[in-house]
Amino acid sequence: MNTRAHTTDDRAADGRAPDRAARGPRGGRLRTALAASLAGLVATGSLIALAGTAQAASTLGASAAASGRYFGTAVAANHLGESGYVSTLNTEFNSVTPENEMKWDATEPTRGSFTFGGADQVVNHARGQGMRVRGHTLVWHSQLPSWVGQLATADLRTAMNNHITQLMNRYKGQIHSWDVVNEAFQDGSSGARRSSPFQDKLGSGFIEEAFRTARATDPNAKLCYNDYNTDGVNAKSNAVYAMVQDFKSRGVPIDCVGFQSHFNSQSPVPADYQQNLQRFANLGVDVQITELDIAGSGTAQANSYSTVVKTCLAISRCTGVTVWGVTDKYSWRSGDTPLLFDGNYAKKAAYTSVLTALGGSSGGGGGGGSAGCTATYQAGTSWADRFNGQVTITAGSTAITTWTTTVTVQSPQKISTTWNGTPTWDTTGNIMTMKPAGNGTLAPGASTTFGFTIMTNGNTQPPTIGTCTTT
């Protein structure tokens, strides 16, 4: 793929690294149960709500949504033409992070000349599937075109702020969280800032300036600081903690902290992982697991993944988990087989452990299985104050006589009109459960559709579509 393989400095000869320099210790976790009584669970901040059903969800995204969280993956635009990749992505995940397509060298290779083709491809695919998008990343020392480092101080400040503004305006209203600044602290025991064009020329204030520029550009997006080797309590995470604490005390806009969580046998999930993430949450910011991958295989890998997922579920302000890639064969460290699907897109033991930790069940109806049914979202016409959406219900390998799914919108959005279905609502009005209106009986592989209009009220995020179930 487009990412670099794993070496001592985390760079490979054939691509790009996720977002990290040489690594030391790392960290991860999550858990939940899905029951019919959860139909009233709603979004808080950047959380996603999903109406409960009588049976456990059978995919990662739907299972995470039942607890108000997302389960996402890094996506490379150049793999969106591969059927196995797209099928797995669309079935299992409800959030995506562009792997390289939003980084500086991809979006502004020459000063003032922006290229958004790859990023647009990932964002449009995600929104067409009703998935959320994490923006990654605005200011980072790596994958910078050479012209950035050659700028004098005043020009660099102008270029940094312009880059933030241009990217965020391009995707305004489409990104739930942005990694505003990435990996600004050194490894080791110093807790010092990393040398970079931004740090060396603009000084330590560049992080605050980047966050203030980001807030002014898109007031509705969550603004995150993202880093690696901060998963446990150590000098580096202490330095980040002190920065976040200072920002919160002075009103500097920061909403979330991302923990990359790259683990292996030498750098396992730290024993104080939950304690560390919780102390950040106690500062009044969300925490997100942003680039999870765990080297290994079998039971050991599965247990580590389960620990990470359960950790997130144990922290109310942990809003979601993103794994760094769909399949082992395209991982930035593919030799470590660190993901949930192998090179043939078969589910690994780690997949089952994550689904179980989330409260899901591989035996549930729908959700991508060959039996039951599936629900897929397609964006329709949009206007200044509203947009249409359509959901396609497709029967699996056997005929069905009825179906149900959910559509969850984010406040202050409201669904104003529906067609080709019979809707009911939870008490908040944010979760619509849709059942057939004379179109419940479907032959094997046959499809039907229903649609709706969403009044944006200033929020253009696509809805979250729940698992299709049969009864």
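Just so you know, all these numbers are worked out from the coordinates, no wet-lab data involved. Just so it is clear, the structure is predicted and the values come from calculations on it, not from any experiment. With ideal geometry, Cβ positions are generated from the backbone for all residues, glycine too; neighbour counts draw on all protein chains shown.
Enter the mean projected area of the convex hull around the alpha-carbon atoms of region 155-255, in nm², rounded to one decimal.
6.4 nm²
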Cα centroid distance between region 257-298 and region 406-432, in Å?
-> 35 Å
Take the alpha-carbon centre of region 102-178, take the same for region 56-76, and report the distance between them in whole Å.
-> 26 Å
Only one of the listed values, [x] 30; [y] 9; [z] 6, was derived from the coordinates as percent of Cα pairs over 44 Å apart; which label is it?
-> [y]
With θ set to phi - 60° and the Karplus curve 6.51 cos²θ - 1.76 cosθ + 1.60, what are the ³J(HN,Hα) couplings of region 229-239 in order, to the nearest whole Hz, using x for Gly and Pro?
-> 6, 10, 6, x, 6, 7, 4, 5, 5, 4, 5
Starting from the amide H of residue 320, placed 1.01 Å from N in the peptide plane, find each other amide H under 5 Å away whose residue is 5 or more places distant or on another chain.
-> 70, 289
Vicinal HN-Hα couplings computed from phi for region 201-215 (Karplus, 6.51 cos²θ - 1.76 cosθ + 1.60; Hz; Gly/Pro x) = 9, 9, x, 5, x, 5, 5, 4, 4, 4, 5, 5, 5, 5, 5
The answer for residue 422, listing residues at least 5 apart or on another chain whose modeled amide H is closer than 5 Å to its amide H, is 435, 437
Computed over the chain, the relative contact order (Cα-Cα under 8 Å, seq sep at least six) in percent reads 19 percent
One point scatterer per Cα, no solvent, Debye formula: log10 I(q)/I(0) for region 415-458 at q = 0.24, 0.26, 0.31 Å⁻¹ comes out as -0.89, -0.97, -1.16
Report the dimensions of region 333-471 along its three principal axes from the alpha-carbon atoms, largest first, rounded to Å.
-> 48, 36, 28
Roughly speaking, what is the stretch gain from residue 238 to residue 446, that is 0.36 nm per residue apart minus the C-alpha to C-alpha distance, in nm to one decimal?
-> 69.3 nm
Qualifying aspartates and glutamates (Cα of each under 14 Å from Cα of residue 348; at least 8 residues distant if same chain) = 92, 293, 328, 336
Calculate one ³J(HN,Hα) per residue across region 280-287 by plugging θ = phi - 60° into the Karplus curve 6.51 cos²θ - 1.76 cosθ + 1.60, and present them in order as whole Hz with x for glycine and proline.
-> 5, 4, 5, 6, x, 10, 6, 10
Residues with amide H under 5 Å of residue 264's amide H, sequence separation 5 or more or different chain, H placed in the peptide plane at 1.01 Å from N; which?
-> 295
With each run of n ≥ 4 DSSP H residues scored as -39500 (n - 2.57), what mean residue ellipticity at 222 nm is computed for the chain after dividing by its residue count and rounding to the nearest 500 deg cm²/dmol?
-> -7500 deg cm²/dmol
Flagged links, alpha-carbon separation over 29 Å, of 329/435; 172/236; 201/236; 310/435; 236/310; 103/222 = 329/435; 172/236; 310/435
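So, by mean Cβ neighbours within 10 angstrom, what's the order for 68-75, 121-128 with the highest one leading?
Per-residue Cβ counts within 10 Å, averaged per peptide and sorted highest first, yield 68-75, 121-128.
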Mean separation of Cα pairs under 8 Å and 6+ residues apart, divided by the residue count of region 201-329: what relative contact order is that in percent?
-> 23 percent
